[in-house]
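Q: What follows is a single structure, and I will ask about it in a moment.
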Amino acid sequence: MQLMASRRAFLALPFSAAALRGAPRTAEIQKMIDAAAAHGGGTVVIPPGRHVTGTLELRSRVRLLLEPGAVLEASRDLADFRILPGPVRGYTDNYTDKSLIHAEDAEDVSIEGRGVIDGQGAAFKGPYKVRPYLIRMIRCRNVAVSGVTLKDSPMWVQHYLGCDGVAIHGITVQSRVNQNNDGIDIDSSRRVRISDCSISSGDDAIVLKSTTLEPCRGVAIANCTLSSACNAFKLGTESNGGFLDVTLSNCTIDETRLAGIALEIVDGGEMNGVTISNVTMRGVGAPVFVRLGNRARPSVPDGPRQPVGRLRNVSISGVLARGGGPVGCAIAGLPGHPAENLSLTGLRLEFAGGGTAEQARREIPELPDAYPEFQMFGPLPAYGLYCRHVKGLRLRDIELETEKPDLRPPLVCSDVEELRTDNTPRVTQA
């Protein structure tokens, strides 16, 4: 262990016989983190090699630096993970109270380098509480995560709850070994930047949540490649606090089982000011899914049901999607609670096709409290866009096509007010 002469510390994890045996080095690494914090902050270096650990708590002004070839490996023994529920009460209390790397009420914390954090996720089987997160930061300020590879989490790969100022840059996520393997979860946080990341996840790749009554606000995502066994980019399902001022741009989405873009308000809250632009997709269940529903789940146990939320001022432009599934894209509010002021511009969407005349005549149930997913209504009456309960819808420069013949129309609008169309396929008013 080395200390610089200055007040700030630089500490390198030394050679250890325990490391050769694969024994946990939790106490050693935590001691270095605490020592760096005691010197006013500094860097803790994880050198090349495999280093097994249980829960580590990051402190203010401490940088965890993983050198190339370093692997910070989660212990496979749940007893090596501390129970740390955190000070912020929200619906995630139901999920887990353990994580491999944890920070709480800290500021100026970072995880950097070209090493790997391996969650050994396949070793943890069972319900939520026995599957720790890989990284969890709660009510932290000025968080940076860059360069590292995050691999095989038992549950969510990373969760940023109630944080102010998060920058995630140039990371790689490879996690498809367990359930609920979300790549990045931004929850009730503000001033967030995510850029130049590559994410392949077993659950949603990048997902914004508001499991408390505080919104996600001021989130910018750019230049990422996403692939998921669920949704690639999602707002929701937990929406108690809502989502304000969110952008996604210049991203590619590949081989995603559910929706490429899913925007969902179902537990109250307001979605307002979402801009999505310049996105390419291939092999997705549906390119776009927008849903204002009424599941009304409270943010805390035994809390009051949430009122119907609000979804408005959404712009989606410059989306090119190939290999979409046969269901189509739903943009659906509720009777008396329409989605408001939606603009779809420059969309070129390809679908599998194969729809029937019977599907074109289907009565679509409302399903106000159903879990929102793009296939929740079954095959839609339109092979392309099915828009229902919307007020203020602009469709401009839309191209919709199928690989196989389809007897459904490309576009159906039902209970849509203030509809404006330019250079758009025929519209069927139901």
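The values are calculated or read from the model by the stated rules, or taken from the named source; none is laboratory data. Quick caveat: nothing in here was measured; it's all calculated off a predicted structure. Glycine also receives a Cβ, built like all others from the backbone with ideal geometry; neighbour counts cover every protein chain displayed. For accessibility, only protein heavy atoms count, side chains too; no ligands or nucleic acids. Shrake-Rupley method; radii C 1.70, N 1.55, O 1.52, S 1.80 Å.
Q: From the list Ser239, Ser249, pick out the single residue that is modelled with pLDDT of 95 or more, open to solvent by less than 10 Å² (accessible area, probe 1.4 Å) and not hydrophobic (A, V, I, L, M, F, W, C).
A: Going through Ser239, Ser249 in turn, just one is modelled with pLDDT of 95 or more, open to solvent by less than 10 Å² (accessible area, probe 1.4 Å) and not hydrophobic (A, V, I, L, M, F, W, C): Ser239.
Q: May I ask you to list pairs of residues, at least six apart or on different chains, whose Cβ atoms are under 6 Å apart, with the first in the stretch 168-194 being farther than 27 Å from Gly241 by Cα and the second being open to solvent by 10 Å² or more (accessible area, probe 1.4 Å) and in a strand (DSSP E or B)?
A: Listed pairs, sorted by first residue: Gly170/Ser146; Thr172/Thr149; Thr172/Ser198; Gln174/Lys151; Gln174/Ser200.
Q: Moving on to the next point. Please go through the stretch 26-51 and pick out each residue that is buried (at least 19 other Cβ atoms within 10 Å of the Cβ) and on the phi > 0 side of the Ramachandran plot.
A: Gly42
Q: Inspect all residues belonging to the stretch 85-103 and state whether any of them is aromatic (Phe, Trp, Tyr), part of a loop (DSSP other than H, G, I, E, B) and crowded, with 20+ Cβ neighbours inside 10 Å.
A: no
Q: Separate question: Pick from Arg257, Arg310, Arg348: which is of a type outside the set (A, V, I, L, M, F, W, C), open to solvent by 30 Å² or more (accessible area, probe 1.4 Å) and farther than 23 Å from Cys413 by Cβ?
A: Arg257
Q: Follow-up question, since we're still on this one. If you scan the stretch 1-38, which residues turn out to be of a type in the set (D, E, K, R), at pLDDT below 70 and touching a Gly at 6+ places or on another chain (Cβ under 8 Å)?
A: Result: Arg7, single match.
Q: Please list, ordered by first then second residue, the pairs with beta carbon atoms under 9 Å, 6 or more apart or interchain, first in the stretch 210-221 and among the polar types (S, T, N, Q), second open to solvent by 10 Å² or more (accessible area, probe 1.4 Å) and part of a strand (DSSP E or B).
A: none
Q: Here's a check for you: in the stretch 282-298, which residue that is touching a Leu at 6+ places or on another chain (Cβ under 7 Å) and more than 20 Å from His337 (Cβ to Cβ) is surrounded by the fewest Cβ atoms within 10 Å (Cβ to Cβ)?
A: Gly285
Q: Checking the condition modelled with pLDDT under 95 and surrounded by 17 or more Cβ atoms within 10 Å (Cβ to Cβ), which residue from Val427, Val412 passes?
A: Just one listed residue meets the conditions, Val427.
Q: Is it fair to say Arg131 is closer than 24 Å to Pro85 by Cβ, surrounded by fewer than 24 Cβ atoms within 10 Å (Cβ to Cβ) and either modelled with pLDDT of 95 or more or touching a strand residue (DSSP E or B) at 6+ places or on another chain (Cβ under 9 Å) (or both)?
A: Taking the combined requirement at face value, the residue does not satisfy it.
Q: Filtering the stretch 370-405 down to residues that are over 16 Å from Pro287 (Cα atoms), touching a residue at least 60 places away in the same chain (Cβ under 8 Å) and assigned to a loop (DSSP other than H, G, I, E, B), which residue is nearest to the chain's Cα centre (by Cα)?
A: Step by step, filter the stretch 370-405, then rank; the result is Tyr371.
Q: While we're looking at this one, here's another question. Please work out if Leu342 is under 30 Å from Asp245 (Cβ atoms), in contact with a strand residue (DSSP E or B) (Cβ under 9 Å, 6 or more places away or on another chain) and open to solvent by less than 70 Å² (accessible area, probe 1.4 Å). Spell out the reasoning first.
A: Working: under 30 Å from Asp245 (Cβ atoms): yes; in contact with a strand residue (DSSP E or B) (Cβ under 9 Å, 6 or more places away or on another chain): yes; open to solvent by less than 70 Å² (accessible area, probe 1.4 Å): yes.
Yes; evaluated as a whole, the condition is true for this residue.
Q: Answer yes or no as to whether Ser317 is in contact with a helix residue (DSSP H, G or I) (Cβ under 6 Å, 6 or more places away or on another chain), open to solvent by 10 Å² or more (accessible area, probe 1.4 Å) and in contact (Cβ under 8 Å) with a residue 24 or more places away in the chain.
A: The answer is no for Ser317.
Q: Please report, ordered by residue number, the strands (runs of 3 or more DSSP E) entirely within the stretch 148-226 with at least 1 residues that are polar (S, T, N, Q).
A: Result: 149-151, 158-161, 172-175, 190-195, 198-201, 206-210.
Q: Continuing with the same structure: Among the residues of the stretch 63-82, which ones are over 12 Å from Arg131 (Cα atoms), touching a helix residue (DSSP H, G or I) at 6+ places or on another chain (Cβ under 9 Å) and open to solvent by 60 Å² or more (accessible area, probe 1.4 Å)?
A: Scanning the stretch 63-82 gives a single hit, Arg63.
Q: Of all residues in the stretch 106-136, how many are outside any loop (DSSP other than H, G, I, E, B) and either without any contact (Cβ under 8 Å) to a residue 60 or more places away in the chain or closer than 19 Å to Asp185 by Cα (or both)?
A: Looking only at that region, the number is 18.
Q: Oh, and also: Could you please find all residues in the stretch 331-361 being of a type in the set (Lys, Arg) and touching a Leu at 6+ places or on another chain (Cβ under 8 Å)?
A: Arg348
Q: Suppose the filter is at pLDDT 95 or above and touching a Ser or Thr at 6+ places or on another chain (Cβ under 6 Å); does Phe81 pass it?
A: Judged against the criteria, Phe81 is a match.
Q: Also: Restricting to strands (runs of 3 or more DSSP E) lying wholly in the stretch 24-70: which have 3 or more residues that are out of contact with any Phe, Trp or Tyr (no Cβ under 6 Å at 6 or more places or on another chain) and farther than 17 Å from Cys140 by Cα?
A: Numbers: elements: 42-46, 49-53, 62-66.
Because the criterion is at least 3 residues that are out of contact with any Phe, Trp or Tyr (no Cβ under 6 Å at 6 or more places or on another chain) and farther than 17 Å from Cys140 by Cα, the strands (runs of 3 or more DSSP E) in the stretch 24-70 that meet it are 42-46, 49-53.
Q: Continuing with the same structure: Pick from the stretch 137-147 the residues that are on the phi > 0 side of the Ramachandran plot and not in a strand (DSSP E or B): which of them is most open to solvent (accessible area, probe 1.4 Å)?
A: Step one: list which residues in the stretch 137-147 are on the phi > 0 side of the Ramachandran plot, which gives 139, 142, 147.
Next, from what is left, pick out any that are not in a strand (DSSP E or B): 139, 147.
On the way: Arg139: 110, Gly147: 15 Å².
Result: Arg139.
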